[in-house]
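Notes to accompany the following structure.
The values are calculated or read from the model by the stated rules, or taken from the named source; none is laboratory data. Just so it is clear, the structure is predicted and the values come from calculations on it, not from any experiment. Glycine gets a Cβ as well: all are built from the backbone with ideal geometry, and neighbour counts include every protein chain shown.
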Amino acid sequence: MKWLFVAFVASILVVGVYSGDDSSIWCYHDPSCDDTTWPTNFPEFCNGSRQSPINIVSDDATEDAGLTDFNFTQFGNTSALKEITNTGQTVKVNMNPGVEISEGGLSEAYDTLQFHLHWGNGSSTGGSEHTVNGKRYPMEFHIVNIKGSHNLDTGAAVNDSTGVAALGFFIEADDSLPDDQPSSWRMLTSYLQNITLAGQVTPIESEISLDDLLPGVNRSSYYRYLGSLTTPACYEAVVWTVFKDSVKVSSNLIDLFSTTLHVNTTDSSPIAVNVFRNIQDSQPVTTQPREDTSDSSKACVSLGLLALSLVLAWS
């Protein structure tokens, strides 16, 4: 019974993950319901002052020693991914129970419910929600977690200013990779052919872990700010963590997202492209303290003076 409730919670948590049936309420592809309309149609939060996504200016990020390493529980579990869905606005993967995050400057452990993606129109165009110093990456991968003390009550979570913790990872095309690499992303994208229409769901039977989908990312290096869900109703309840390193994926796998998935339940409906919200007003951003090179610099100067004195002594 507990997992049935988890699945229900994951299906309604609105971080870019409404089902296909909600496309008449909000969308990305139609000017009558795209993100330019959300502040008017969902004014309580989408017109708020703590909205996401934002452009992160790296030089403006304040140092915070409290942004420690995360604990990632069950991120290496190859049976943790349960099912994949075409919601009509994104691809969402629900997780089996037992996955959680803690530490990393968070106040408590958060239960991991699902992940989903945002993309543009192919690997050569921008599609990430967040940008860094104005750069928009081809895709962004969001892992959605809710505060453990809310006991899977999403109503309580979205009305708590830190009730949701979202982990954002940029996806970037790497032309040096062979086609269909990394293998974890090849396995994940192989399921897209089974969910071409909105509302379609298929179980994940491949052995893929969250760790497998994040190769090469230094998860000790990230930005932090307080923001919102990036889809209606844009609740201002999210502790955002945006990692500095990108996940490198071959361009042909990235291209599958913008060529395979329909926004509605028929083959004649549009293909889902540019499924991201535009940049909102900036928010205060923090990051880990930068390395202090003062001691090493002083050591270099001292060695230089010592060498100079020896040269003068022998001259």
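In table form, for the structure just shown:
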item	result
In the range 127-156, the residues that are modelled with pLDDT under 95 and of a type outside the set (Ser, Thr, Tyr)	Asn151, Leu152, Asp153, Gly155, Ala156
Hits in the range 165-192 (condition: in contact with a helix residue (DSSP H, G or I) (Cβ under 8 Å, 6 or more places away or on another chain), closer than 29 Å to Thr265 by Cα and either modelled with pLDDT under 95 or among the polar types (S, T, N, Q) (or both))	Thr189
Test result for Glu63, among the acidic types (Asp, Glu) and closer than 21 Å to Asp160 by Cβ	no
Unique residue being within 20 Å of Val144 (Cα to Cα), touching an Asp or Glu at 6+ places or on another chain (Cβ under 8 Å) and not in a loop (DSSP other than H, G, I, E, B) when the list is Arg219, Arg224, Arg277	Arg224
Test for Ile195: is it surrounded by 24 or more Cβ atoms within 10 Å (Cβ to Cβ), at pLDDT 95 or above and either among the polar types (S, T, N, Q) or in contact with a strand residue (DSSP E or B) (Cβ under 6 Å, 6 or more places away or on another chain) (or both)	no
Close pairs from the range 152-171: first within 18 Å of Phe70 (Cα to Cα), partner of a type in the set (Val, Ile, Thr) and in a loop (DSSP other than H, G, I, E, B), Cβ under 8 Å, at least 6 apart	Val164/Val15; Ala166/Val15; Phe169/Val217
Count of the range 37-88 residues which are touching a residue at least 40 places away in the same chain (Cβ under 8 Å), of a type in the set (S, T, N, Q) and under 26 Å from Thr266 (Cα atoms)	3
Answer from Thr231, Thr241, Thr202 - the residue that is over 19 Å from the mean Cα position of the chain (by Cα) and either modelled with pLDDT of 95 or more or buried (at least 23 other Cβ atoms within 10 Å of the Cβ) (or both)	Thr202
Residues satisfying the stated conditions in the range 63-112, i.e. surrounded by 20 or more Cβ atoms within 10 Å (Cβ to Cβ), in contact with a Lys or Arg (Cβ under 7 Å, 6 or more places away or on another chain) and assigned to a loop (DSSP other than H, G, I, E, B)	Leu67
